[in-house]
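Visitor: Next up is a structure, given as structure tokens.
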Amino acid sequence: MAKKYDRFIQNGHTQTSIACFWMLLGSFLPIIVDSAIKSWALPMGYSDAFWGNLKGGEVFILTTAMITPFFLLLLKKVAGQVKVQFRFFSFVFIFSLFSLIGGLLSFSYFRIGEIVKSGQVELGKGAEEYLYGLFGYDLSWFGVFIYLVSLIVWYYASYHDRYPGESYNEAVSSSQKNLNDKVFSK
């Protein structure tokens, strides 16, 4: 049983999942605590406070930070420091671009909408109505989708950064050595 546990803990996906849990806890801790304080101090439920924090646009800041390890992995690959061929690399690259561009544009859209709604900028009546209508859409679900795509990109990059894999020649040599040890060590 102990060997199975050790093998489970040493698995690359297990290690990356543990790191993912702590990263998610750390990134959502301010939102969790703020939601708890709001639900305690104000007449609103925890879920309403939590959803309000997610709608606040901070989730878009997290997405940009989450995809950074992928771009570091990409730079290592381009610089020739990583020789192995990663599976699904092109899909994850497209996801990372979608997350980066979508997160940046959505965050800007949300913040401009907040400025227009608050009245901090003097606008004419027609411009105010036009901008209020233009920036009045709720992008919360889009933000959650971008966050999930960013999480996939983060997991991919973190896994391959920790466990870059082995080349075909290394895998074959390792397999031959293991077989050799099993056959001739008895």
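Visitor: In Å², and per residue, what accessible area does the stretch 28-171 have when probed at 1.4 Å with the other protein chains present?
Guide: On a per-residue basis, 64 Å².
Visitor: What ranking, highest mean first, results for peptides 42-49, 68-75 when packing means the other Cβ atoms within 10 Å averaged over each residue?
Guide: Output ranking for 42-49, 68-75: 68-75, 42-49.
Visitor: Considering all alpha-carbon pairs of the stretch 51-136, what whole percent are spaced by more than 16 angstrom?
Guide: Looking at the stretch 51-136, the distances longer than 16 Å represent 64 percent of pairs.
Visitor: How long are the semi-axes of the equivalent ellipsoid of the stretch 1-157, defined as square roots of 5 times the Cα gyration tensor eigenvalues? Whole Å, largest first.
Guide: 37, 23, 10
Visitor: Turning to a different aspect of this structure: Given a Förster distance of 35 angstrom, what is the FRET efficiency for I115 paired with W40, based on the Cβ-Cβ distance and rounded to 0.05?
Guide: 0.75
The values are calculated or read from the model by the stated rules, or taken from the named source; none is laboratory data. This structure is a prediction, so every number in the text was calculated from the model and none was measured. Glycine also receives a Cβ, built like all others from the backbone with ideal geometry; neighbour counts cover every protein chain displayed. Just the protein is used for accessible areas: all its heavy atoms, side chains included, with ligands, DNA and RNA removed. Shrake-Rupley method; radii C 1.70, N 1.55, O 1.52, S 1.80 Å.
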